[in-house]
Amino acid sequence: MENSSERPGEVPVLYHNDMSVCAAKVRMAFAEKGVVFDGIHLDIRAGEAQHPDYVKLNPNQVVPTLLHRGQVIIESNVICEYIDDAWPDRGTGALRPQGALDRARMRLWMKRLDEGMHAMTGVVSTCVAFRHQHLARKPEDVQAWLDKMVDSARRERMRSCVYQGLDSSYFVDGVRRFDRLMAEFDQVLGQSRWLAGDQFSLADIAYAPYLVRLHHLGLDDMIQSRPAVRDWSERVLDRPSFKAGIADWFNSKYLTIFERERDQARKKAAEILST
Ligand SMILES: N[C@@H](CCC(=O)N[C@@H](CS)C(=O)NCC(=O)O)C(=O)O
């Protein structure tokens, strides 16, 4: 990809992580625009997002963080809109619908991630897979990671997910909430090609990493059993920007854990959804 339009010193810098869903959506938005960024990869499982130097940029101790023209921008949905504003005509063009109503719909879907679905992704990912990375570390290191969390609700959630896995009550809640979301997608996608109407938008980009995460975790029966959602998911995952921004970043260490754990997770999710 060319980066010829960026003046020296204006190349965006992205603090990110290969398997982070929030960072992945930002990379996909950059790929749609054909804008190349300088990446700084953080090992979030090892607590690098809690490092004091990074916390000065992002007090929430999370990735992604964007630096552009000497300014810091945090929050992946905000960063995605910033990318569309800062490079309006690049690549595939506008990533937000023109119409006021479709644009409002786009924002509602994106807001939904911030209002709980993203946290639920952390829950299901940790219960199925990430807990095994934590359990392989020294217990005092895991405790230190939990203790440093600024958000006490997140700390308790993560403690349960790491130590109770598929038996955590948070897993039950997470699976049910994803299934309800897919049912809502099904209704909308029965009537329009993309989440916010007839134009591919940041809403579709925002959910792309979550769709693939459900596949990785063995929780994709809720997608496959709904043809409109399945077809939309295939359209999103077929885009070159999905490959460049997300699939090319898959970390084989994580894929091995997903593969090992997903059958059990699929079985447990089916049990949860049958009751
Ligand atoms: N609302 C934030 C959420 C960011 C977030 O939760 N990022 C996760 C990765 S997807 C993270 O950095 N977690 C740090 C950790 O696990 O220590 C956003 O959209 O940017």
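The values are calculated or read from the model by the stated rules, or taken from the named source; none is laboratory data. Model, not experiment: these values are computed from the prediction. All Cβ positions, even for glycine, are placed from backbone atoms using ideal geometry, and neighbour counts span all protein chains on display.
A few remarks follow.
- Residues in region 36-46 that are within 14 Å of the ligand (Cβ to nearest atom), surrounded by fewer than 17 Cβ atoms within 10 Å (Cβ to Cβ) and not charged (D, E, K, R): 40, 41, 46.
- For the residues 142, 72, 123, 78, the requirement of being under 21 Å from the mean Cα position of the chain (by Cα), assigned by TED's automatic domain parsing to the domain that holds residue 211 and either more than 16 Å from the ligand (Cβ to nearest atom) or not polar (S, T, N, Q) (or both) singles out 123.
- Any hit, region 86-93, residues being farther than 22 Å from residue 251 by Cβ, acidic (Asp, Glu) and either free of Cβ contacts under 8 Å to residues at least 12 places away in the same chain or surrounded by 15 or more Cβ atoms within 10 Å (Cβ to Cβ) (or both): yes
- When residue 61 is tested against the conditions (1) closer than 22 Å to residue 11 by Cα; (2) not in a helix (DSSP H, G or I), the lone failure is (1).
- Qualifying position, being crowded, with 17+ Cβ neighbours inside 10 Å and away from the ligand (no atom under 12 Å from the Cβ), among 176, 105: 105
- So residue 49, is it within 10 Å of the ligand (Cβ to nearest atom), under 15 Å from residue 73 (Cβ atoms) and small (Gly, Ala, Ser): no
- Check on residue 24, within 17 Å of the chain's Cα centre (by Cα), in a helix (DSSP H, G or I), more than 11 Å from the ligand (Cβ to nearest atom) and of a type in the set (Gly, Ala, Ser): no
- Verdict on residue 96 being more than 16 Å from the ligand (Cβ to nearest atom), basic (Lys, Arg), part of a loop (DSSP other than H, G, I, E, B) and under 21 Å from residue 189 (Cβ atoms): yes
- Across region 12-21, the qualifying residues are those that are assigned to a loop (DSSP other than H, G, I, E, B) and more than 15 Å from residue 84 (Cα to Cα), and the one among them that is nearest to the ligand (Cβ to nearest atom) is 20.
- Of all residues in region 64-78 being touching a Cys at 6+ places or on another chain (Cβ under 9 Å) and assigned to a helix (DSSP H, G or I), the one that is nearest to residue 36 (Cα to Cα): 76
- Test: residue in region 185-203 that is at pLDDT 95 or above and within 24 Å of residue 251 (Cβ to Cβ): no
- Filtered residue count, region 138-162, keeping only those that are surrounded by 14 or more Cβ atoms within 10 Å (Cβ to Cβ) and free of Cβ contacts under 8 Å to residues at least 60 places away in the same chain: 10
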